[in-house]
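Structure first, commentary second.
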Amino acid sequence: MTSDASTDGAGRGWYLYGVVRRPGPQGQGRRVVGLPLPEIESVEQGDLAAVVRPVALSEFDPDVVRRRAEDVAWLESVVQGHNDVIAAIHENSAILPAKFGSIYACRDDVAAALEGAQDTLRQRLDSLEGMDEWAVRVRAPRSAIDERASQAGAIRELEAEVAAATPGRAYFLQRQMERHLAARIDGAVAELGQLAYEDLARFAAESEANPSGAVGDEVEVLKAAFLVSRQDVEGFLAALHTLGDRIPGLTASYTGPWPPYSFATLPEGAP
Amino acid sequence: MTEPLPASQRATLLDLLDRVIDHGVVLAGNVTITVADVDLIYLELRVLLAAAERLTSLSRKSDVTHDVEVARD
């Protein structure tokens, strides 16, 4: 069924949620059922389909968006709406989520975009089949970082020298040690992050680490996304819960399962 | 020692933004809203929300809790 809204032009645009494998013989403009929004449609191209919704372009005018983005409640509803649709589809089939705010002027543009990137889209969709994204943050208390940093051989040697030195020399050695220690702290944060990342990546098909930062009196040593097959999710979650047993001091928090947002990027150089 | 976690923690608006806005496939074509605009808004908002979250987590030492539903609870 084709709604009136699917007429192109006249201030209409097509909001793209993502790309799926074509579920079966469906006509153009066929509504996708069972979704949070009734007006979701598909634009089909070969064995691929784009999940779209007709929107008023005025609603997404850059100036309007910029102004309304200050309204957190509005933004939350838009972002939540985007996720709701993608998550509902993700429950039943692989979906390649689109970048938030991708709006096309007409259905033909959507179809052309699908056709232009069809090989990489297919490839990416295949690798996302049966996969969920899990967002993970791992923290360590300051004390664990400091302890690790002070374990370095050079620091230990300096400590011994300070203890044995005359007061004047001890002052300079102490300063030198503090500089060493500061450098070692950065190293310790990176090491702990790497250990946690490798530990969790055992259960993931793909993973992506993001820059992490300090959180109060704890240090975030890892912020990462893991793409985990539903067959491996039990092992992955168990590893998250017991991370601190294998790497003392670490605590993990996580959200998921999410659609594979972090793993939707097409390879470099794709059309 | 790792504290026991619920099977799926609730996501904050910041978690949701981090997943939804910063990622996703960009297809060629006549995209009328520029991705750069969205990214700029995201970055600005992120700073605000991150600051708010830090304040919350300082006053209330529990971490990920807010009123946004996760993808599939």
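For this structure, a couple of remarks:
- Pairs meeting the criteria (first residue in region A:153-170 and free of Cβ contacts under 8 Å to residues at least 12 places away in the same chain and within 23 Å of residue A:187 (Cα to Cα), second residue of a type in the set (Gly, Ala, Ser) and in a helix (DSSP H, G or I), beta carbons under 9 Å, at least 6 apart or on different chains) are A:156/A:150.
- Search result, residues across region A:59-76 that are in a loop (DSSP other than H, G, I, E, B) and either among the β-branched types (Val, Ile, Thr) or modelled with pLDDT of 75 or more (or both): A:71
- Residue among A:207, A:212 that alone is polar (S, T, N, Q), in contact with a Lys or Arg (Cβ under 6 Å, 6 or more places away or on another chain) and either crowded, with 18+ Cβ neighbours inside 10 Å or over 27 Å from residue A:97 (Cα atoms) (or both): A:212
Yes/no per residue for (1) more than 19 Å from the chain's Cα centre (by Cα); (2) among the aliphatic types (A, V, I, L, M); (3) crowded, with 21+ Cβ neighbours inside 10 Å:
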| position | (1), (2), (3) |
| --- | --- |
| A:60 | yes, no, no |
| A:64 | yes, yes, no |
| A:89 | no, yes, yes |
| A:110 | yes, yes, yes |
| A:118 | yes, no, no |
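- Residue-level check: of (1) within 11 Å of chain B (Cβ to nearest Cβ); (2) closer than 26 Å to residue A:53 by Cβ, residue A:134 misses just (2).
- Residue A:126 being among the acidic types (Asp, Glu), within 25 Å of the chain's Cα centre (by Cα) and more than 30 Å from residue A:49 (Cα to Cα): no
- Residue in region A:97-114 that is among the basic types (Lys, Arg), within 11 Å of another protein chain (Cβ to nearest Cβ) and not in a helix (DSSP H, G or I) present: yes
- Checked against (1) over 28 Å from residue A:221 (Cα atoms); (2) part of a helix (DSSP H, G or I); (3) within 12 Å of another protein chain (Cβ to nearest Cβ), residue A:79 passes all but a single condition, namely (1).
- Positions within region A:1-31 being modelled with pLDDT under 55, closer than 28 Å to residue A:266 by Cα and part of a loop (DSSP other than H, G, I, E, B), in sequence order: A:24, A:25, A:26, A:27, A:28, A:29, A:30
- Close pairs (6 angstrom Cβ cut-off, 6 or more residues apart or separate chains): within 18 Å of residue A:248 (Cβ to Cβ) and assigned by TED's automatic domain parsing to the domain that holds residue A:217 in region A:120-144, among the small types (Gly, Ala, Ser) and in a helix (DSSP H, G or I) anywhere: A:138/A:196
- Candidate set from region A:178-201 (those that are surrounded by fewer than 16 Cβ atoms within 10 Å (Cβ to Cβ) and under 18 Å from the mean Cα position of the chain (by Cα)); member that is nearest to residue A:240 (Cα to Cα): A:198
- Number of the condition not met by residue A:70 [criteria: (1) in contact with a Leu (Cβ under 7 Å, 6 or more places away or on another chain); (2) among the acidic types (Asp, Glu); (3) exposed (fewer than 14 other Cβ atoms within 10 Å of the Cβ)]: (1)
- Residue match in region A:180-189 (condition: touching a Lys or Arg at 6+ places or on another chain (Cβ under 8 Å) and either under 20 Å from residue A:134 (Cα atoms) or within 13 Å of chain B (Cβ to nearest Cβ) (or both)): no
- Conditions (1) within 11 Å of chain B (Cβ to nearest Cβ); (2) crowded, with 20+ Cβ neighbours inside 10 Å; (3) not basic (Lys, Arg); number of the one not met by residue A:233: (2)
- Residue list for region A:238-256, filter: without any contact (Cβ under 8 Å) to a residue 40 or more places away in the chain and more than 7 Å from chain B (Cβ to nearest Cβ): A:238
The values are calculated or read from the model by the stated rules, or taken from the named source; none is laboratory data. Computed from a prediction, not measured in an experiment: that's the story for all the values here. Glycine also receives a Cβ, built like all others from the backbone with ideal geometry; neighbour counts cover every protein chain displayed.
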